[in-house]
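Student: So that we are looking at the same thing, I have put the structure below in structure tokens.
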Amino acid sequence: MVDVAIDGIVHKGKPAELLIDLINRTGGSVPHVCYHPQLGPVQTCDTCMVEVNGRLVRACATGVADGMRISTKSAKASAAQVEAFDRILSNHMLYCTVCDNNNGNCTVHNTTKLLAIEHQRIPFRSKPYEVDNTNPFYRYDPDQCILCGRCVEACQNVEVNETLSINWEDPNPRVLWDGGSTIGESSCVSCGHCVTVCPCNALMEKTMLGHAGFLTSLKKSALSGMIDVVKGIEPETGYGSILQVSEAESAMREHRIRKTKTVCTYCGVGCSFDVWTKDRHILKVAPEHGPANGISTCVKGKFGWGHINSEDRLTTPLIREGDRFRQASWDKALNIVASRLSEIRANDGPDSLAFISSSKCTNEESYLMQKLARAVIGTNNVDNCSRYCQSPATMGLFRTVGYGGDSGSISDIEKADLVLIVGSNTAESHPVIATRVKSAHKLDGQKLIVSDLREHEMARRADVFLHPKPGTDLFWLNAITRYLLDNNLAHTKFLDQWANGLDEYRMSLEPFTMEAASRISGVPEETLKAVAHMIADAKAMCILWAMGVTQHTQGSDTSTAISNLLLITGNYMRPGTGAYPLRGHNNVQGASDHGSMPNMLPGYQLVNDPEVRQRFETGWKVKLPSTKGLDNHQMVEAIHGGKLKAMYLIGEEMSIVDSNANYVGDAFAKLDFFVVQDIFFSNTCRYADVVLPGAPSLEKEGTFTSTERRIQRLYQVLEPLEGSEPDWKIIQDVANRLGAGWHYQHPSEVMDEIASLTPMFAGVNYERLAGYRSLQWPVAADGTDEPLLYAKRFAFPDGKARLFPVSWIGPTDQPDSEFDLHLNNGRLLEHFHEGNLTYRTEGIREKTPDTFVEVSPELAEERGIQSGTWVQLVSRYGQVRVRALVTDRVHGRELYMPMNSVESPVNRLTSSHTDPVTNTPAYKETSVHLKILSEVGESPLPRINSRFGHPTPQNGVEVERKWRRPDYAPPGRVLVQLQTKK
Ligand code: SF4
Ligand code: SF4
Ligand code: SF4
Ligand code: FES
């Protein structure tokens, strides 16, 4: 710590701390417009000028040093601050009272007040550009743009989409998209970073415009008139009194605008943010304090909330009558559910019923669902959709290090020297995690290796891109591990101290030579060796993987191989290291954590462990079944086999997202009784006997657990739409009609019960999770959590990790002369899974109206396919009709189909082959035949999709270019010259 005097008072400054942070931290104040703690120094506004030992410096760009004497209010500093701000006002018209950004947090407004500006010395000068309204979610008004460059910094260096720049050399600089395109036709992915950090109204969410203020919905002509009046009186009254009026208006808004913290409902990154609402209208999503995301979001979290007020929402229970459904009262519907479930249990036993919980629902709801299955019905037949994606990764970690979760935090991924991504389209599936990798790679010299079939964004950015043959990751990973051991590049000290089973493991690697790996994977031996050396040289490595690994017949084994490689190289137990299976759904981690699994009670406690069962039996006051139940794959088989008669499923589009969808649909049609609880009439509802309307995340309280094991609270933003109910209440109602006698008044009580029965969550409670506070499990009773797992020991009784041998079997469903093409599938940035939620946001539908099949330029030429050609894909299990998109993202005879379609779901093509360890379907092992249909349609991706844009990478806002303008001088210098003249 160093001693720094600020305005005569000595404070302790931290080394490398910025003056602006020290001043703010110690209760001082200095104006600052372009500085944002999450962006760092942008240095465009000059309003933060302070005097340090007699020299004017920017407080946002100067580090503290011992003995500094800082004056924030000296005449020199104050004059420089005012001069700088005057220049800003020449770019911005102050019409706060009729501005939708007049919400108490406008930096321009607040700085005008802070500096007590009464009159502008430099008059406002309009810029010769039109407002750009071409993006469906936000608009840019050049006339209001103060050229602070925050948006550019955020786009270039935080999101790293590299769309924005400022043409500093132009007589009339402005923000540019792709160097001068319209926003709509640019590479902008609508992540919203720029809008979030804009300090004024130049960039605004369209949902705010005309809705936030009391006067802002007036016609443009009326608004212009009012602005003219205000401008007319300004020379006489000064800004002081005008600002008072706008502040009164702003204060009135506080009574009608609610700002409620929630957690994103889409992917597993766990972004959290405030949702601003006026009645049921969502004004905007404001990310800032989220521990996982800060100012970051992707298009879905920032703008993808059209499902909330969609007219398609279910608002009344439905009961099947023949081929139709009729509306019913809640009482009637729930009575039918209870009586039919009771009847079937009485006739066929508890194991003739099954329960599917939702990874979109809360932890508390997942807990109640498995409690309903086990404690009320008496079966362990309960599962969730982690079976379709995450179970193999969890298994790989259970086998080797003990806990089935990411071994560190997203901040560890940022810190790593080397990130290895295997089978994950991170930029589209976990966009905010991708921003952290892209930024560390761009700015901090982090190395990036990507292995994937497709040349997606992360692959294009990688230092090394591996394109192995489908389903061969296990082989090359094991070969690299063997190479490291053979060449004394393993971390032997770490292995001696922390790993068991090295000898047996080393023997198991016998077949995995580099030569064999190259032959099987198709990756040149030299490339594999280069990768091995990069891994050996890295001081800290993280491996990220996802469904490109897990959705194979050897998903568990490949996940195990990844963890083995981390152990061999000593890449556990330290910051910046570890295993990161990227969890897909917002709460897929939590759904399993809280016991919606056929073999485990909450906290991964085995159902066949008598001590565990005894604890739950005492807590729940019932006798519990002791044998493992059916997972969701086995449930489908059991329905076909006539053993499973009834199912209760919540929030899961299983008829489309399970593999071999035709087979799954046929199974559902055979059920004696099927209850589906959802917020829309999904495809799965078509098979239901009773449909119950649940509530989406914004309409309930609870917690979600993200990929980094982070438990976060969501608060109720809106009342449940009339006629729908939060899922925890519905489950409780069903349970009570079956005689359970539950009395939960609030999800916090459910969490208290979870904590009392589950050592992993012993210290979790709602107080410790209040607001933006969060906990990363395991959480000790005193509330201590573990952002970095295994800091002291691995999660096995002796504290040591276990090297777990895996052998090579190879993928199924291989191409042959009939089914000659490999079909890969996965997500698209804009949509979530089948799109039941995201298609309800108009702007998303506009940008990505449909699914398609990606075809390589080589194959397109060979077969005469263009973007827009309708093709039929036929697999051994089904067929779909879809339009082609010709793109070099895919190579050769490999196709890719995004999963966002209910009409043509890719899972009509996928098989029932599974990973034998977890029963996770081998979605990524599908061979198809492609038949060209005669029609040629429009390209399935419209021109306004970001994929057609042309980014303009640069390092941030490049303020030096502004400083080189002939008309620029730092405000202090102007001031010094003026003073000299006087
Ligand atoms: S990608 Fe688009 S929305 Fe995201 S920061 Fe860049 S310009 Fe803004
Ligand atoms: S649009 Fe960009 S440069 Fe203009 S005021 Fe907003 S953040 Fe600053
Ligand atoms: S979908 Fe994922 S990355 Fe996007 S805002 Fe939500 S949690 Fe964040
Ligand atoms: S806040 Fe320091 S230059 Fe803008």
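Student: Please specify each residue of segment 286-318 satisfying the condition of being more than 16 Å from ligand 2 (Cβ to nearest atom), charged (D, E, K, R) and over 12 Å from the mean Cα position of the chain (by Cα).
Tutor: 311, 312, 313
For every residue, the table says whether it meets (1) in contact with a Leu (Cβ under 9 Å, 6 or more places away or on another chain); (2) within 24 Å of residue 85 (Cβ to Cβ); (3) within 16 Å of ligand 3 (Cβ to nearest atom).
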residue: 161; (1), (2), (3): no, no, yes
residue: 175; (1), (2), (3): yes, yes, no
residue: 185; (1), (2), (3): no, no, no
residue: 193; (1), (2), (3): no, no, yes
residue: 198; (1), (2), (3): no, yes, no
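Student: Just checking: which of the strands (runs of 3 or more DSSP E) contained wholly in segment 29-76 hold 2 or more residues that are in contact with an Asp or Glu (Cβ under 9 Å, 6 or more places away or on another chain) and either more than 6 Å from ligand 4 (Cβ to nearest atom) or modelled with pLDDT under 95 (or both)?
Tutor: 68-71
Student: Continuing with the same structure: Taking the options 671, 698, 721, 714, name whichever one is among the hydrophobic types (A, V, I, L, M, F, W, C) and within 29 Å of residue 636 (Cβ to Cβ).
Tutor: Every option except 671 fails the conditions.
Student: Tell me whether segment 487-498 contains one or more residues that are crowded, with 19+ Cβ neighbours inside 10 Å and touching a Lys or Arg at 6+ places or on another chain (Cβ under 6 Å).
Tutor: Yes, the conditions are met somewhere in segment 487-498.
Student: Kindly list the number of the only condition in (1) farther than 30 Å from residue 195 by Cα; (2) surrounded by fewer than 23 Cβ atoms within 10 Å (Cβ to Cβ); (3) touching a residue at least 60 places away in the same chain (Cβ under 8 Å) that fails for residue 70.
Tutor: Answer for residue 70: the failing condition is (2).
Student: Determine if segment 283-299 includes at least one residue that is away from ligand 1 (no atom under 16 Å from the Cβ) and within 20 Å of residue 135 (Cβ to Cβ).
Tutor: Yes: one or more hits.
Student: Would you be able to tell me the number of residues in segment 821-848 that are closer than 24 Å to residue 546 by Cα, in a loop (DSSP other than H, G, I, E, B) and not hydrophobic (A, V, I, L, M, F, W, C)?
Tutor: Counting residues in segment 821-848 that are closer than 24 Å to residue 546 by Cα, in a loop (DSSP other than H, G, I, E, B) and not hydrophobic (A, V, I, L, M, F, W, C) gives 8.
Student: State all residues of segment 144-169 that are closer than 23 Å to residue 126 by Cβ, within 14 Å of ligand 2 (Cβ to nearest atom) and either among the β-branched types (Val, Ile, Thr) or part of a loop (DSSP other than H, G, I, E, B) (or both); if no residue qualifies, say none.
Tutor: Scanning segment 144-169 gives 145, 146, 147, 148, 149, 152, 166, 167, 168.
Student: Inspect segment 849-868 for any residue being in contact (Cβ under 8 Å) with a residue 60 or more places away in the chain, within 16 Å of ligand 1 (Cβ to nearest atom) and part of a loop (DSSP other than H, G, I, E, B) and give the result as yes or no.
Tutor: So far as segment 849-868 goes, no, none of its residues is in contact (Cβ under 8 Å) with a residue 60 or more places away in the chain, within 16 Å of ligand 1 (Cβ to nearest atom) and part of a loop (DSSP other than H, G, I, E, B).
Student: Hey, could you check segment 248-275 for residues that are without any contact (Cβ under 8 Å) to a residue 60 or more places away in the chain and of a type outside the set (A, V, I, L, M) and say which is farthest from ligand 3 (Cβ to nearest atom)?
Tutor: 255
Student: Among the numbered conditions (1) in contact with a helix residue (DSSP H, G or I) (Cβ under 8 Å, 6 or more places away or on another chain); (2) part of a loop (DSSP other than H, G, I, E, B); (3) surrounded by fewer than 22 Cβ atoms within 10 Å (Cβ to Cβ), tell me where residue 402 comes up short.
Tutor: For residue 402, the failing item is (1).
Student: For a quick check of your reading: which helices (runs of 4 or more DSSP H) sit entirely within segment 573-644 and have at least 2 residues that are hydrophobic (A, V, I, L, M, F, W, C) and touching a strand residue (DSSP E or B) at 6+ places or on another chain (Cβ under 7 Å)?
Tutor: Here the list reads 610-620.
Student: Please verify whether segment 347-362 includes one or more residues that are among the small types (Gly, Ala, Ser), out of contact with any Leu (no Cβ under 9 Å at 6 or more places or on another chain), within 30 Å of residue 626 (Cβ to Cβ) and assigned to a helix (DSSP H, G or I).
Tutor: No, segment 347-362 contains no residue that is among the small types (Gly, Ala, Ser), out of contact with any Leu (no Cβ under 9 Å at 6 or more places or on another chain), within 30 Å of residue 626 (Cβ to Cβ) and assigned to a helix (DSSP H, G or I).
Student: For segment 175-221, name all the residues that are of a type in the set (D, E, K, R), crowded, with 20+ Cβ neighbours inside 10 Å and farther than 30 Å from residue 255 by Cβ.
Tutor: The one that is of a type in the set (D, E, K, R), crowded, with 20+ Cβ neighbours inside 10 Å and farther than 30 Å from residue 255 by Cβ: 178.
Student: Has segment 216-223 got any residue that is at pLDDT below 95, in a helix (DSSP H, G or I) and closer than 25 Å to residue 147 by Cα?
Tutor: yes
Student: What tally of residues in segment 387-445 results from selecting those that are farther than 18 Å from residue 588 by Cβ and acidic (Asp, Glu)?
Tutor: Of the residues in segment 387-445, 4 are farther than 18 Å from residue 588 by Cβ and acidic (Asp, Glu).
Student: In addition: So for segment 275-284 (the condition being closer than 26 Å to residue 426 by Cα, away from ligand 4 (no atom under 16 Å from the Cβ), charged (D, E, K, R) and in a strand (DSSP E or B)), does at least one residue qualify?
Tutor: yes
To keep it simple, each residue is scored yes or no on (1) touching a residue at least 40 places away in the same chain (Cβ under 8 Å); (2) in contact with a helix residue (DSSP H, G or I) (Cβ under 6 Å, 6 or more places away or on another chain).
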position: 302; (1), (2): yes, no
position: 305; (1), (2): yes, no
position: 315; (1), (2): yes, no
position: 321; (1), (2): no, no
position: 335; (1), (2): yes, no
position: 355; (1), (2): yes, yes
position: 362; (1), (2): yes, no
position: 371; (1), (2): yes, no
position: 387; (1), (2): yes, yes
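Student: Note down all Cβ pairs under 8 Å where the first residue falls in segment 887-901 and is at positive phi, the second is among the polar types (S, T, N, Q) and crowded, with 20+ Cβ neighbours inside 10 Å, and they're at least six residues apart or on different chains.
Tutor: Partner pairs satisfying both residue conditions: 892/856.
Student: Looking at 33, 52 in this structure, which one is surrounded by 15 or more Cβ atoms within 10 Å (Cβ to Cβ), of a type in the set (Val, Ile, Thr), more than 27 Å from residue 294 (Cβ to Cβ) and more than 16 Å from ligand 3 (Cβ to nearest atom)?
Tutor: 52
Student: Moving to a separate point now. For the condition within 16 Å of ligand 4 (Cβ to nearest atom) and out of contact with any strand residue (DSSP E or B) (no Cβ under 9 Å at 6 or more places or on another chain), what is the one hit in 191, 200?
Tutor: 200
Student: I would also like to ask the following. Would you mind stating whether residue 10 is away from ligand 4 (no atom under 13 Å from the Cβ) and in contact with a Gly (Cβ under 6 Å, 6 or more places away or on another chain)?
Tutor: no
Student: Right, here's the next one. Among what's in segment 410-452 and is assigned to a loop (DSSP other than H, G, I, E, B) and touching a strand residue (DSSP E or B) at 6+ places or on another chain (Cβ under 7 Å), pick the residue that is surrounded by the fewest Cβ atoms within 10 Å (Cβ to Cβ).
Tutor: 417
Student: Please determine, by comparing only the residues of segment 187-207 that are part of a loop (DSSP other than H, G, I, E, B) and within 14 Å of ligand 2 (Cβ to nearest atom), which one is farthest from residue 247 (Cα to Cα).
Tutor: 188
Student: Still on this structure, please answer the following. Of everything in segment 154-173, what is farther than 21 Å from residue 35 by Cβ and more than 19 Å from the chain's Cα centre (by Cα)? Give them in sequence order.
Tutor: 162, 163, 167, 169, 170, 171, 172 - these are the residues of segment 154-173 that are farther than 21 Å from residue 35 by Cβ and more than 19 Å from the chain's Cα centre (by Cα).
Student: Right, another one. Does residue 352 meet the test of being under 22 Å from residue 608 (Cα atoms), touching a strand residue (DSSP E or B) at 6+ places or on another chain (Cβ under 8 Å), hydroxyl-bearing (Ser, Thr, Tyr) and at pLDDT 95 or above?
Tutor: Yes, satisfied.
The values are calculated or read from the model by the stated rules, or taken from the named source; none is laboratory data. Remember, it's a predicted structure, so these values are computed and weren't measured experimentally. Using ideal geometry, Cβ is built from the backbone for each residue, glycine included, and neighbour counts are taken over all protein chains shown.
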